[in-house]
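Please read the structure below before turning to the comments.
The values are calculated or read from the model by the stated rules, or taken from the named source; none is laboratory data. Please read these numbers as outputs of a predicted model, since none were measured by experiment. Note that we place each Cβ from the backbone using ideal geometry, even for glycine, and neighbour counts take in every protein chain shown.
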Amino acid sequence: MVMTTQILEGISLRNSTIERLSTKIKLLSVQPTLAVIQIGNLADSTAFIKAKKAFGDKIGARVTHTILPDKIKMDGVVALIKKLNADSSVQGILVQLPLPSHLDKHTIIDTIDPKKDVDGLTSTHTQELWEDGSDIILPATARGILALLDHYNIQVEGKKVVVVGRSTLVGKPTAIALLNRNATVIICHRGTENLKEETRRADILIVAIGKAKFINKDFVRSGQVVIDVGINITSESKPRQEVGKKSFVGDVDFEEVSKIVSAISPVPGGVGAMTVASLFENLLDIVEK
Ligand code: GUN
């Protein structure tokens with residue numbers, strides 16, 4: 001029997017999202033505007049923001065980008081956010097993470113008006129997620145993962161989902177969102193004993209740890225769905241992996257793992273493609289409220 005592995009492509013799904021969101025925006029009386037604040041000039045952050053701007057251009061949303069110096073003090077950041085909170089031409093505000101270490105992330109995030117919190121990271125939205133509320137703005141990566149699973153009709157209810165990684169931006173919100181959808185969720189991290197045993201237990205394995213090709217054939221078994229959230233810059237140069245001037249690999253060793261499991265999301269072109277799309281889905285949800 002020849003076993004074929006399904007590739008969970010984010011690109012085609014992103015393209016259909018572009019069409020759907022552009023159509024919606026054409027019918028609106030206002031142009032949706034996302035204000036992105038970058039503090040410092042981390043190359044990765046600059047690249048991610050560039051991708052957001054490009055997506056905004058494609059769908060007809062406006063994306064403004066303010067770069068603040070990395071030595072800026074809290075009051076400077078807070079003042080800018082308050083100004084954007086009060087600006088009725090701005091519907092979504094995003095502070096690109098990570099922040100320089102002298103800044104207090106929680107205070108900064110919670111200065112964003114929850115009604116404009118397109119990232120779903122303010123306490124208001126975190127609490128909604130925690131309580132499985134009805135007014136949820138899910139962090140974009142988690143929403144992108146759910147969109148990919150939904151698109152390929154991968155059922156999560158009752159399934160064993162193992163999430164490797166417990167970041168505030170990805171691991172934790174994804175785990176809770178899946179729990180809210182009645183999955184049985186296990187969260188693994190660097191302190192987990194017998195990680196390979198845990199990951200092999202999964203029906204759906206989601207990896208978000210930021211370690212290139214960490215999950216190899218020893219961590220998986222046949223029949224699994226593997227979602228690779230990693231975006232790791234590599235010196236390996238493969239034409240297919242060129243994005244701008246950089247190449248990326250996931251947290252999963254695609255070559256090895258794709259020979260074993262039933263479905264896998266590629267890097268690039270999997271979750272990453274959906275993350276930006278989901279951010280703008282959040283923006284449109286806010287605008288339409
Ligand atoms: N840095 C990397 N991903 C993200 C994201 O989804 N939101 C924010 N605010 N910063 C990020």
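Per-structure values
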item: Residue 177 of a type in the set (Gly, Ala, Ser), modelled with pLDDT of 95 or more and buried (at least 24 other Cβ atoms within 10 Å of the Cβ); result: no
item: Elements of type strands (runs of 3 or more DSSP E) in region 24-98, at least 1 residues being more than 15 Å from the ligand (Cβ to nearest atom); result: 33-39, 62-68
item: Test: residue in region 25-42 that is over 19 Å from residue 282 (Cβ atoms), at pLDDT 95 or above and of a type in the set (Val, Ile, Thr); result: yes
item: Positions within region 144-202 being among the hydroxyl-bearing types (Ser, Thr, Tyr) and more than 28 Å from residue 11 (Cβ to Cβ), in sequence order; result: 184, 192
item: Residue within region 194-206 that is in contact with a Leu (Cβ under 7 Å, 6 or more places away or on another chain) and modelled with pLDDT of 95 or more present; result: yes
item: Answer from 37, 49 - the residue that is β-branched (Val, Ile, Thr), more than 16 Å from residue 109 (Cα to Cα), in contact (Cβ under 8 Å) with a residue 12 or more places away in the chain and crowded, with 17+ Cβ neighbours inside 10 Å; result: 49
item: Pairs, first farther than 19 Å from residue 271 by Cβ in region 193-220, second assigned to a strand (DSSP E or B), C-beta under 7 Å, six or more apart; result: 195/188; 198/162; 198/186; 198/188; 201/160; 201/162
item: Helices (runs of 4 or more DSSP H) contained entirely in region 106-201, each with at least 1 residues that are within 16 Å of the ligand (Cβ to nearest atom) and under 18 Å from the mean Cα position of the chain (by Cα); result: 123-130, 140-151, 171-180
item: Neighbours by Cβ (under 8 Å, 6+ apart or cross-chain): first from region 114-127, modelled with pLDDT of 95 or more; second part of a loop (DSSP other than H, G, I, E, B) and among the aromatic types (Phe, Trp, Tyr); result: none
item: Pair list, Cβ under 7 Å, 6 or more apart: region 268-279 residue under 15 Å from residue 169 (Cα atoms), other residue hydrophobic (A, V, I, L, M, F, W, C) and within 11 Å of the ligand (Cβ to nearest atom); result: 271/229; 272/231; 275/140; 276/51; 278/140; 279/118; 279/140
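So that you can scan it fast, the table gives a plain yes or no per residue for (1) of a type in the set (A, V, I, L, M, F, W, C); (2) crowded, with 18+ Cβ neighbours inside 10 Å; (3) closer than 28 Å to residue 98 by Cα:
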| site | (1), (2), (3) |
| --- | --- |
| 152 | no, no, no |
| 157 | no, no, no |
| 165 | no, yes, yes |
| 172 | no, yes, yes |
| 185 | yes, yes, yes |
| 195 | yes, yes, yes |
